[in-house]
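What follows is a set of notes on a single structure, which appears directly below.
The values are calculated or read from the model by the stated rules, or taken from the named source; none is laboratory data. Everything quoted here is computed from the prediction, not taken from an experiment. Don't worry about glycine lacking a Cβ; one is built from the backbone with ideal geometry, like all the others, and counts go over all protein chains shown. Ligands, DNA and RNA are excluded from the accessible area calculation, which covers all protein heavy atoms including side chains. Shrake-Rupley method; radii C 1.70, N 1.55, O 1.52, S 1.80 Å.
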Amino acid sequence: MVIVSAISVMSRFTDASGPPILESMMKIAPTVIFILVIGAGFILNNETLRNSIPMAVYKFPLALGLLLCLGGLVYGGISIATAEAVGLEDSTRQYEAAPSIKESRIWAIEEADISVDFVRILGFTSGLYPIEVREKAAAKIKTHPDYQNELINLLQSDSPLDALSFLSFSDIDDKTPFPAAIDTGIINAAAWIRHSIQGTSPSEFYADRYSSEVSSILKTADRFGGMGVDFLPSIKEVRSALDEPFAGKQVKYDCTQAIDDWIKNHS
């Protein structure tokens, strides 16, 4: 009963969904369980009440609650066992899409000092966050008086991914200085992917790793194409980075098909 109560409370902070009747029961489960347990305990710890109240008054409700909770745990276990595996990025998106989490992200963005928290807010433009959060973060980024140069500096650093995420969907004031910096950023992103693969343990492997990063890279390349810089060589470098051996073997990531198609279409 305690386990079911805890699960019911935690489910309110996720975007999980199920049959309407089950969701309704999970909303009231913590309150009902609290009343059952505390009520039975109050009776059993007061001799006068214990002697005057028939055992069935508290025993049968407890037994019924126990059976319902066991049934819920069995149902949940079967659902988990039969569900398709959820990758790292998908599980992150589900978590970030929960209303309470989304509200907390938006509040953090609104309250941030952009001159101090530029990089932190830029991180909220990642494709792992809901579009409402991404747009709010992008608008906040543009309040920085020199946000374009800040983006260029990040593209030329060893941490270009957040800048690429921002540029993949948000317009900027002047595109002119960006193509060359983006090309450098894509090459730096390839180096980051290689380093990330080398530092990943076998237990942390998910086929959808790097899907968000590769999507941002390709979308940014498309948005800034035709401006005098050929992104094909740097995109090929990213594709090569995805072939970095993982735990002694080469892994095929979900995002490789998208990048292979992009390279084929631009060769």
note = On the accessible surface of the chain, probed at 1.4 Å with all protein chains in place, carbon and sulfur together account for a percent value of 60 percent
note = With the charge dipole of the stretch 140-212 built from beta-carbon charges (+1 for Lys and Arg, -1 for Asp and Glu) about the Cα centre, the Cα from Phe178, Leu155, Ile141 projecting farthest to the positive end belongs to Leu155
task = Treating the angle as unsigned and between 0 and 90°, give the value, to the nearest 10°, between the Cα long axis of helix 2-11 and the longest Cα principal axis of the chain.
result = 40 degrees
remark   = Sequence order, the stretch 152-159: Karplus ³J(HN,Hα) from phi using 6.51 cos²θ - 1.76 cosθ + 1.60, θ = phi - 60°, Hz rounded, Gly and Pro as x, gives 4, 4, 5, 4, 8, 9, 8, 10
task = Among the lysines, select those whose C-alpha is under 27 Å from the C-alpha of Lys140, and discard any that sit fewer than 8 residues away in the same chain.
result = Lys102, Lys175, Lys219
ask   = About its Cα centre, how strong a charge dipole does the stretch 88-145 have in debye, to the nearest 20, once Lys and Arg get +1 and Asp and Glu get -1 at the Cβ?
value = 140 debye
inquiry  = Quick check for me: using +1 on Lys/Arg Cβ and -1 on Asp/Glu Cβ, what's the dipole size of the stretch 141-236 about its Cα centre, in debye to the nearest 20?
reply    = 240 debye
remark   = Given backbone amide H placed at 1.01 Å from N, residues whose amide H is under 5 Å from that of Phe246, ignoring those fewer than 5 places away on the same chain, are Val251
message = Let's see if you can work this out: charge +1 on each Lys and Arg Cβ, -1 on each Asp and Glu Cβ, no other charges. What is the dipole magnitude of the chain about its Cα centre, in debye to the nearest 20?
response = 1000 debye
key: the chain, accessible area per residue, ligands and nucleic acids excluded (1.4 Å, Å²)   = 57 Å²
Correct choice for P(r) over Cα pairs in 5 Å bins from 0, in percent that was computed from the model, options (i) 1, 5, 10, 12, 11, 8, 7, 7, 7, 7, 7, 6, 5, 4, 2, 1, 1, 0, 0; (ii) 1, 5, 10, 12, 12, 11, 10, 8, 7, 6, 5, 4, 3, 2, 2, 1, 0, 0; (iii) 1, 6, 12, 17, 19, 19, 14, 8, 3, 1, 0, 0 = (ii)
query = If you find the alpha carbon centre of the stretch 25-69 and of the stretch 215-238, how far apart are they in angstrom?
reply = 64 Å
note = Note, Asp261: beta-carbon cut-off 14 Å, +1 each Lys/Arg, -1 each Asp/Glu, net +1
ask   = Among Val2, Val214, Ile114, whose Cα sits farthest toward the positive end of the charge dipole of the chain (+1 at Cβ of Lys/Arg, -1 at Cβ of Asp/Glu, about the Cα centre)?
value = Val2
